[in-house]
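The values are calculated or read from the model by the stated rules, or taken from the named source; none is laboratory data. The structure presented is a predicted model; accordingly, all values stated were derived computationally and were not measured. Accessible surface areas use protein heavy atoms only, side chains included; no ligands, DNA or RNA. Shrake-Rupley method; radii C 1.70, N 1.55, O 1.52, S 1.80 Å.
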Amino acid sequence: MAISKSKLSKKRLGDWVINPYVGCEHGCKHCYCPAMPGVKFFNNGRVQREWGKYLFPKPDWVEKLKKDLIRFRQKGSAAGRGYILCSFLTDCYTPAEANYQLTRQSLELLLAAGFRVRVQTRSALIERDLSLYEEHSDKVLVGTSLPYLDDRFARVLEPGASAPSRRVRMLEKFASAGVPIYVAVAPFMPFHTIVDFERVLNAIRPMNPVEVFDEVLNPRSDNLDMMNDALADAGEARRIGSGYPAAWPRYTLNHLREAQAACTAAGLGDRFIAWPDPRAAKSKSLTHAERKWLQAWLPSYQDLVVR
Ligand code: SF4
């Protein structure tokens, strides 16, 4: 199967997903994709620390997608809004896409068939396909992750991705062409403050984003250690403290409250989408009222039913 049902409807991102590649050459240190079954059972035994150093195009990808599309019908859930996501276990514009063009071919098939597609990438390579997005601007939503705007810092933690400043310019090109855009402030880092969040808001507000998605750093598998190792290797003083996993629920609560207020002040309150991981939202380290506040951001069962 090329089109899979996606659990990312819980994050209100979409209902289905395509991942033409196993691996991602961007090699972000925070990335939890290598810990996910869709990667770790298909990466020929590579360990999490090899993330960024391998990429496997899926065999017969285009033929499999064509076969799926013969029967695929797209309605979707209230939370996922029927979007097909491209891609969330790899970056669909990982550098090798310039050669393989599996993402390009997938988009051509999906859009020609009339499906709605959400594309999220940390790569300016997406500009290669701008005219395709422009032609189908009623069916696409294009976004990038912008957890902060510091290019030098991003080089340490997102070594293979386009720099944040370049991603802002990329979004500007798409917005100017009439393509709807959004930003994912993800993952928001423990050593950043609301000032860093506001800098991102100021950069994207002129582009009239349709969504400001926000998620704090999710401790998963080895990602915190990998980030700390990369920071140490780069001579950076900042670290993610060993107490972060225990502080994570309260950090999530405090940040999302501040971020919602900042979005409201920027006139983007109705575009704000918070994702408090359910593990954080259920934490006994928070009060009942605090847990309720976080849980209110999570879709209900009814919101997740695909119709
Ligand atoms: S671009 Fe996305 S998928 Fe690729 S390493 Fe970074 S976070 Fe992971």
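Below are the figures for this structure:
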| read-out | value |
| --- | --- |
| Part-to-part distance (alpha-carbon centres) for segment 9-45 and segment 55-124, which is given in Å | 13 |
| Mean ellipticity per residue at 222 nm, deg cm²/dmol - from DSSP H runs of n ≥ 4 across the chain, formula -39500 (n - 2.57) | -10500 deg cm²/dmol |
| Per residue accessible area in Å² of segment 8-166, where ligands, DNA and RNA are left out and the probe is 1.4 Å | 40 |
| Selected from Phe115, Phe191, Phe56 as most flexible by GNM, with the chain as the system and alpha-carbon contacts under 10 Å | Phe191 |
| Residue among Val195, Val140, Val185 with the largest mean-square fluctuation in a Gaussian network model of the chain, springs linking Cα atoms under 10 Å | Val195 |
| For Cys24, residues with placed amide H under 5 Å, excluding near neighbours | Gly52, Tyr54 |
| Long-range amide H partners of Gly143 with built H, under 5 Å | Val119, Gln120, Thr121, Tyr182 |
| Gyration tensor (alpha-carbon) shape descriptor, segment 110-216, a/c threshold 1.5 | prolate |
| Relative contact order computed over the chain (Cα-Cα under 8 Å; 6+ residues apart), in percent | 18 |
| Segment 188-212-segment 260-290 distance, computed between alpha-carbon centres (Å) | 15 |
| Candidate lysines for bridging to Lys67, where Cα separation is under 26 Å - those fewer than 8 sequence places away on the same chain excluded | Lys5, Lys7, Lys40, Lys58, Lys75, Lys139 |
| Carbon + sulfur, % of accessible area of the chain - ligands and nucleic acids excluded, 1.4 Å | 52 |
